[in-house]
Amino acid sequence: MKRVWACLLVAACGAVHNNPPEDAPAIDVGTDTPTANCMIDEFDGTALDARWSTLVGTLPTYNVDGSRLLVSDAPFADTPSMPDRSWIYKLDTDKGNQIAWPYSIGGSDFVLTADVGWSSTVAEYTLGAVGVSDAQGTIAAMAGALDGNNTLTGNAFGMLHVVGGPDLKYEVPQKRDPGTAKVQIQRMGGMASISIDGAQQLTGTLPDLISNVVIVYVRFKNGTTLSDFGSLEVRQIKICLP
C-alpha cells in the first residue's frame, strides 16, 4: 500500500515488467521529511501510479520493486536535430522518450531532487534522467546518467535548455559502472541551477513554462547501427515549490 503524506504522495503508471538485471545499481538513500509545498514519489509497491503517463515516445521496459523504478531497456526516439540517430543533442528539438507526472509550475520557482543510479558497460549507450518539461515535452532541464561512448562507461550529467542553443551541459569527469548520484534542479527568480551530489555544476536563465516532472530515457542508434541500453534506477523524486 502506498503511503500518503500531507503534501501528497504519488507513485507512477504501467508497462512491461521484468526482473532487475544482476548488474543493476543499488542506492542507499536517507529519509526526506515532506512539507506542505512538496510532492514525493518513492516508488512504493510494485506498479507505477496512474498519475504517470507517456508524454513523448513510448514506454520503456521497467520494474517497480524495493522502492525503486528500474528501467532495464529503452526504446529508440525521434531525433529531429539528427534524423538518422536516436539520442538527445539539442533541447530545442530533441525530446527523447518521456513519462510525465503533470505538475503545473509555469514560470514559478521550484526545487526538484532525485536519487538515481545506472549501469552502462563499455559496449552500451545509456541516456536516462529526471527533469522538467513544458506541455509539448520540450525539456527545460534534466539530470541523471549518460553514457554516449562505446569505449567508456557512464557518468552523471546535467543539461539546461537555452532557446536557440547551445544548451548548457555538464558531465561528471569520473566514469562509473555501476554508479549513483543525487541530482537537484532548481529555479529561483528565473535563474536555474543543476547540482550533482551537492555540488552546483550549471547555472543559467530558465524562462520555460513548466507543465511536467518527467523521466527521460533513450536507446542509441546511428543509422542502421543499433546499440544496447544499460539501466537507469530512480529511487525517489521530490519536487517543492518554495
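The values are calculated or read from the model by the stated rules, or taken from the named source; none is laboratory data. As the structure is a prediction and not an experimental result, all values here were calculated from the model. Virtual Cβ from ideal backbone geometry, glycine too; neighbours counted across all protein chains shown.
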>> I'd like to check which strands (runs of 3 or more DSSP E) are fully inside segment 39-123 and have at least 2 residues that are at pLDDT 95 or above and of a type in the set (Phe, Trp, Tyr).
In response: 110-119
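On the given criteria, is GLU171 touching a Lys or Arg at 6+ places or on another chain (Cβ under 7 Å), under 22 Å from GLY117 (Cβ atoms), acidic (Asp, Glu) and at pLDDT 95 or above?
So GLU171 does not fit the description; no.
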> Would it be correct to say that ASP147 is touching a Phe, Trp or Tyr at 6+ places or on another chain (Cβ under 7 Å) and farther than 18 Å from ALA100 by Cα?
Replying inline: yes
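What residue, among those in segment 175-226 that are among the hydrophobic types (A, V, I, L, M, F, W, C) and exposed (fewer than 14 other Cβ atoms within 10 Å of the Cβ), is farthest from VAL162 (Cα to Cα)? Step through it out loud before you land on a result.
Initially, segment 175-226 is screened for residues among the hydrophobic types (A, V, I, L, M, F, W, C), giving 181, 183, 185, 188, 191-192, 194, 196, 199, 202, 206, 209-210, 213-216, 218, 220, 226.
The next check asks that each one be exposed (fewer than 14 other Cβ atoms within 10 Å of the Cβ); those that pass are 188, 191, 199, 209, 226.
Numbers: MET188: 17, MET191: 12, ALA199: 21, LEU209: 13, LEU226: 29 Å.
Filtering first and then ranking leaves LEU226.
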> Could you say which residue among VAL172, VAL234 is among the β-branched types (Val, Ile, Thr) and either without any contact (Cβ under 8 Å) to a residue 60 or more places away in the chain or surrounded by fewer than 23 Cβ atoms within 10 Å (Cβ to Cβ) (or both)?
Replying inline: VAL172
> Is it true that ILE139 is β-branched (Val, Ile, Thr) and closer than 20 Å to PRO75 by Cβ?
Replying inline: yes
